[in-house]
1. In segment 373-510, what percentage of the DSSP-assigned beta bridges are antiparallel, given to the nearest 5?
2. So which chymotrypsin sites (Phe, Trp or Tyr not before Pro) in segment 311-363 end up in coil per DSSP with only 12 or fewer other C-beta atoms within 10 Å?
3. What is the fewest-to-most order of Trp669, Trp165, Trp16 by other Cβ atoms lying within 10 Å of their Cβ?
4. For the chain, build the charge dipole from Cβ charges (+1 Lys, Arg; -1 Asp, Glu) around the Cα centre, then report which of Trp605, Gly375, Ala225 sits farthest towards its positive end.
5. With charges only on Cβ, +1 for K and R and -1 for D and E, what is the dipole size of the chain about its Cα centre, in debye, rounded to 20?
6. Does segment 580-685 come out rounded, prolate or oblate, given a ≥ b ≥ c as the square roots of the eigenvalues of its C-alpha gyration tensor, rounded meaning a/c under 1.5 and, failing that, prolate meaning a/b above b/c?
7. Give the aspartates and glutamates whose C-alpha is closer than 13 Å to that of Lys282, dropping any in the same chain fewer than 8 places away, or say none.
8. If you count the DSSP beta bridges with both ends in the chain, what percent of them are antiparallel, to the nearest 5?
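Quick note: the coordinates plus some simple rules give every number you see, no bench work behind them. Note that the structure is predicted; figures quoted are calculated from it, not measured. Don't worry about glycine lacking a Cβ; one is built from the backbone with ideal geometry, like all the others, and counts go over all protein chains shown.
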Amino acid sequence: MIPLSRNSKQPKIQGWPSKSAEELLIALEEGDNIGLRVKKPFFVIDIDNRKLLNLILDEIGPTLIVETRRGYHLYLKAKSYYPTNNKKSQLIQLLAEGCQIVAPPSTIDGHTYRFVDQNAAIATLDDRAVEKLERIVEALAEHEKIIAKFSEVWTPGHRHNISLWLNGALRKSGIERFEAAVIIKSICLLGGDPEINDRLTALKTSYERDIAEVAGWSRLREELASIVGEEKAEELLSLLPSPREEKEDGKRRFVLSLFIQSGPIVLEALGEPNGLGDYDSKLLVYGPNSFEKRESYRVGDTIIVARPPRSYPYRPYVVNDFEARSRLELIDLIHREVERFIDAEPEEKATFTAFVLLSYVQEFFDALPYLYLVGDNESGKSHLLNLMAELCYRPLAGVSHTAADLYSYLEDDGLPLTIIEDEFQGSEKDTEKMKIYKSGYKKGARVARVVTYEGGRRVDYFNSYGLKIVAAEKLIENKGFIQRCIVIEMVEGYPEKDHYDAEDYSRFARLRSELLKWRMRVLAGHESLPKVEADWLRGRDRELYLPLLTMLHGSPIYHALEGFLRQKAEEKRREREGSLEAAICRAVVKLLVDGTSEIEFPELWGELKAEVGGVEELDKNGIARSMHSDVYGNISKRDVANILAGKLGMVRRRTTKNGSTMITYTPHWPKLARALRKYGVNASNASSPRSPSPRNPD
């Protein structure tokens, strides 16, 4: 607390920033106003116009809020990344360490500062949210005049058209989409526009279309002139940056990563520190045999430039040298970090190392495994996810992602990206989200989504292929998803280091740059991935495990990973052989004898009952429609019928025998042979003397 003069924001003590808390408190007298000195990890968003509250609140959710004379103070806490002061805007300011704010119950000019809800908690924000707030405040400061003046003409009857043409003008002015969204939403809030979501959807459409098809300046000029006259319209237009000369520049394409086959040339988006605590966009270009940094790269009439670092949700890659490390050197560096921060079994550490490296070359595999971490609180799940988020390729990392978050991320460039999610439990209830997760392990997978825009509705397709790393307190109830995962149970341990500091993040940044250069060399064909022979792998196990084995092949930790994956494959085999499907297979085999062309369902039901030790449960008519087994629980006749037709490929037929309707099943021999192999049932070794002799599937 800082003592302030009565009816003032002015501190009473000179040199208050360097005074101790005790010195400041002793100087506080009755009747003084109260200030607070901002200190890490806390910071404050100072909103000087009440109408703009939701511009910030929509991004952060509930937090502790103080009502000021003209607006609000939003109290916030940074989880790790801490923001920089920004007082350039008259509308909203970001007040970080070194600033002071007026606190309740101070009074200035008759207004008493008060908590909107004194019981509210201060929201803790992750790195992505903090950086997004910085970008919002910076965009407000840069485009404040546009926002203020256009909000004055944002009137009913005109704002629909103004928004459409202003979208186009902002696009043609070269203002990036994020900044344009801040401009449009701020104008809507100040202008009292109730259709903000529609305006932002229209903006998205304007930025997705070819720029040659976007209307802007002339239509905006006409609309403004109809409201305020020609002279005032020109004044408003003069606030906008001059439109780009598209003919001179060519069509611009913003990328995160791009492989150009001719050459070959590989491009990756970088951030170049600019000395102002921010990053400028750069392209790292590799080809044909060396690295270089460029502002842009031309292919025909297209100018390729790097996506601005502020437009993606992770720290930008920074490359300071062009020397490249080998795969085995990188394995060692990654494994050292895992050893330092994670207390787990050697084979699990090898698995984590392989996942990090795999994230950089996802394109080289037809399928990818997912990593599912399960454990109680304080088991190290989140600590590991933080490490993965720092090292994996271009990750979207966060807690309980929504489907909208994922779709926004997947629309970037169509390249495989890494999704990292904590608190994953309950996700099976989000069908849109699970479409992405269940399909995304296969190369080329795309998911459809209906998108609403100004002109109506359309179906967009999003690339869902890429690594997924999730953590939860328990497994979700979605068998299809779990089958794509390597599940590792986390237990509270005692790692060498249980927190991350500035030195760690600096080291991570250097390692990430080395991984990026290795990726580019592999994509260009200048470093090959090893060929792994693993005769013990079959089917989906081969799809999911081979990429990880490829990553670590030839390294000291390869055998730990191989043993671990062999164990996982064996567990799956035992699970299949102990499944209800396997029990039904065995019952079918016992009933098939030479010349048998079909199986009667009652006979199969009786054989299955003996196989599983089932006890029939009769309905009120004395008919058994299900049985109970200690191993498999309740088994209904419908369950069995579905497995016979769906998993074993048998053909169902209704017939009559002795005047009664009878259901029979005829085997389709090739399909049945594959099912027997899958569930580990050997017909020649069946215990019944009625086992079938080998027969030609044809």
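1. 40
2. Those that pass, being in a loop and sparsely packed, are Phe322.
3. Working: Trp669 14, Trp165 21, Trp16 17.
Going from sparsest to densest Cβ surroundings: Trp669, Trp16, Trp165.
4. Of Trp605, Gly375, Ala225, it is Trp605.
5. On the way: 100 positive and 106 negative charges, 443 e Å.
My answer is approximately 2120 debye.
6. Oblate, since a/c reaches 1.5 and b/c is not below a/b.
7. The reachable aspartates and glutamates, counting only those whose Cα sits under 13 Å from Lys282, are Glu268, Glu272, Glu292, Glu295.
8. 75
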